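Shown next, in structure tokens, is the structure this report addresses.
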Amino acid sequence: MPVNHNKNIIEVGDISFAYGRQAVLENITLNIHQGDYIGIIGPNGAGKTTLFKIMLGLLTPSNGSVRIFGQDIRSFKDWSRIGYVPQKPARFENNFPATVREVVAMGRYAKKGLFAGLSAEDKTAIEEALKQVEMTGNQNRLISDLSGGEQQRVFIARALVNQPEILFLDEPTTGIDHPAQAGFYKLLQKLNKELGLTLVLISHDIERLTREVMHIACVDRTLTCHMSPAEYLAESRSENIAGQDFKFLTHHHHD
């Protein structure tokens, strides 16, 4: 499904945010279009996760506005239209007593309440989410018995179980070995192209992102760029900062 540049799912308008006296974000303006696949990059401490939490309504900016599906975020209620896979999901201890299917079902309970029973519609949604991430055959395994890559697919299924229109992923390949990462990115491409799901992800793997996403947004307290991967690569090469390879440019990790 092609990107609809005339329809904004998320509209961030001139927002700023600070933790106490420490400014984290300043004057960020960013629109995310329906069907987009955007990678957000920047050094540690640059405000990427904070920007995510503002777009998810978990933090309130000190100034500026956020609109979701055309509504002011302060009055937006239909959060099932938005899925979120947070950074570094909880590591499950050995023999953690929850199956893959039960973890995915948690996404439905979050919407209807912990003590509500699962309806036929819920069960169908769970089965579809498992199918979308290719984990149907593993649904009765304990989540603690899975590899990091398999666990991350389950967390995505948990986010997909309410049929969201946009999915936020914060460092989704953390803890996943390189062979499994290829399959993981193939899954994201399928969700974006075949299901029309809008994807927004944070990653430090800039080299990989330039081969996967439609747009790159660089955040380092301010929005320093928002462009296609090809434009980003051309600009990185033209600046030739310290003669370093582009995947490290201006993105050294710091506290």
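The range 173-239 holds helices (runs of 4 or more DSSP H) entirely within its bounds, and those carrying 1 or more residues that are touching a helix residue (DSSP H, G or I) at 6+ places or on another chain (Cβ under 6 Å) and among the acidic types (Asp, Glu) map to 206-212. So Thr49 clears everything in (1) closer than 14 Å to Asp220 by Cα; (2) among the hydroxyl-bearing types (Ser, Thr, Tyr); (3) without any contact (Cβ under 8 Å) to a residue 40 or more places away in the chain except one condition, right? Which one? It fails just one condition, (3). For the range 87-108, the condition holds for at least one residue, the condition being that it is more than 14 Å from the chain's Cα centre (by Cα), at pLDDT below 90, open to solvent by 10 Å² or more (accessible area, probe 1.4 Å) and at positive phi.
The set of residues in the range 1-42 that are assigned to a strand (DSSP E or B) and at positive phi comprises Asp14, Asn27.
Within the range 161-184, can one find any residue that is at positive phi, touching a residue at least 12 places away in the same chain (Cβ under 8 Å) and open to solvent by 40 Å² or more (accessible area, probe 1.4 Å)? Yes: one or more hits. Taking the criterion of being open to solvent by 80 Å² or more (accessible area, probe 1.4 Å), modelled with pLDDT of 85 or more and polar (S, T, N, Q), the only residue of the range 202-255 that qualifies is Thr224. Within the range 13-60, if we keep just the residues that are more than 25 Å from Pro229 (Cα to Cα) and of a type in the set (Gly, Ala, Ser), the residue that is surrounded by the fewest Cβ atoms within 10 Å (Cβ to Cβ) turns out to be Gly20. Could we say that Glu150 is among the acidic types (Asp, Glu), farther than 29 Å from Tyr19 by Cβ and open to solvent by 10 Å² or more (accessible area, probe 1.4 Å) here? Answer is yes for this residue. If the condition is being touching a residue at least 12 places away in the same chain (Cβ under 8 Å), open to solvent by 10 Å² or more (accessible area, probe 1.4 Å) and in a helix (DSSP H, G or I), then the range 129-147 contributes Gln132, Asn138, Ser144.
The values are calculated or read from the model by the stated rules, or taken from the named source; none is laboratory data. Just so it is clear, the model here is predicted, and its values are computed rather than measured. Here the Cβ is made from the backbone with ideal geometry for all residues, glycine too, and neighbour counts use every protein chain on show. For the accessible areas, the whole protein counts, side chains as well, though only heavy atoms, and no ligand, DNA or RNA atoms are used. Shrake-Rupley method; radii C 1.70, N 1.55, O 1.52, S 1.80 Å.
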